[in-house]
1. Modelled with pLDDT of 95 or more and under 12 Å from the mean Cα position of the chain (by Cα), is that true of VAL84?
2. Quick check: anything in region 102-116 at pLDDT 95 or above, more than 22 Å from ILE18 (Cα to Cα) and either of a type in the set (D, E, K, R) or touching a Phe, Trp or Tyr at 6+ places or on another chain (Cβ under 9 Å) (or both)?
3. Please state which one of GLU91, GLU44 is under 14 Å from the mean Cα position of the chain (by Cα) and more than 16 Å from THR121 (Cβ to Cβ).
4. Wholly within region 12-120, which strands (runs of 3 or more DSSP E) include no fewer than the required count, namely at least 2 residues that are in contact (Cβ under 8 Å) with a residue 12 or more places away in the chain and either within 16 Å of the ligand (Cβ to nearest atom) or out of contact with any strand residue (DSSP E or B) (no Cβ under 8 Å at 6 or more places or on another chain) (or both)?
Amino acid sequence: MTDSVHFSRILLCSSDAIEEGGEVMPFDVVHDGEECRAFAARFEGRVSAFLNRCTHVAMELDFQPNRIFDDSGQWLLCASHGAVYHPESGECMGGPCHGGLVRLQVEEEDGQVYWIPDAHTQPSAD
Ligand code: FES
């Protein structure tokens, strides 16, 4: 018997809906039993996804909806107190963060972006 569980991937959006270093694509998840927002971002051509939850205080990162990249398009920035995260790894790069963002698994294929749920992060019931 194995304890690995496989989850079907879920279509998030078309690839061109996530612009490089620009607006992120939001989606809703349940993380460890708690409703939470998440987002997918594109950096250097690749898509990454994270919980939309700062590690300083458990608040959403964006003050203006879906604007999490800084003006340079190089960093993810928390609007509350300026924590800075790497857009591909989610690693804390500066400011008051306590560790990196929670990373979610995504893949891109044939012009579509998919999220792959895992044991901690499941689709929202909505
Ligand atoms: S809540 Fe994000 S930096 Fe304080």
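1. Details: modelled with pLDDT of 95 or more: yes; under 12 Å from the mean Cα position of the chain (by Cα): no.
For VAL84, the condition - modelled with pLDDT of 95 or more and under 12 Å from the mean Cα position of the chain (by Cα) - is not met.
2. At the first step, the residues of region 102-116 found to be at pLDDT 95 or above are 102-116.
The next check asks that each one be more than 22 Å from ILE18 (Cα to Cα); those that pass are none.
Taking every residue of region 102-116 in turn, none turns out to be at pLDDT 95 or above, more than 22 Å from ILE18 (Cα to Cα) and either of a type in the set (D, E, K, R) or touching a Phe, Trp or Tyr at 6+ places or on another chain (Cβ under 9 Å) (or both).
3. So the residue among GLU91, GLU44 that is under 14 Å from the mean Cα position of the chain (by Cα) and more than 16 Å from THR121 (Cβ to Cβ) is GLU91.
4. Values: elements: 25-31, 34-43, 46-51, 92-94, 103-109, 112-116.
Result: 34-43, 46-51, 92-94.
The values are calculated or read from the model by the stated rules, or taken from the named source; none is laboratory data. Computed from a predicted structure; not experimentally measured. Using ideal geometry, Cβ is built from the backbone for each residue, glycine included, and neighbour counts are taken over all protein chains shown.
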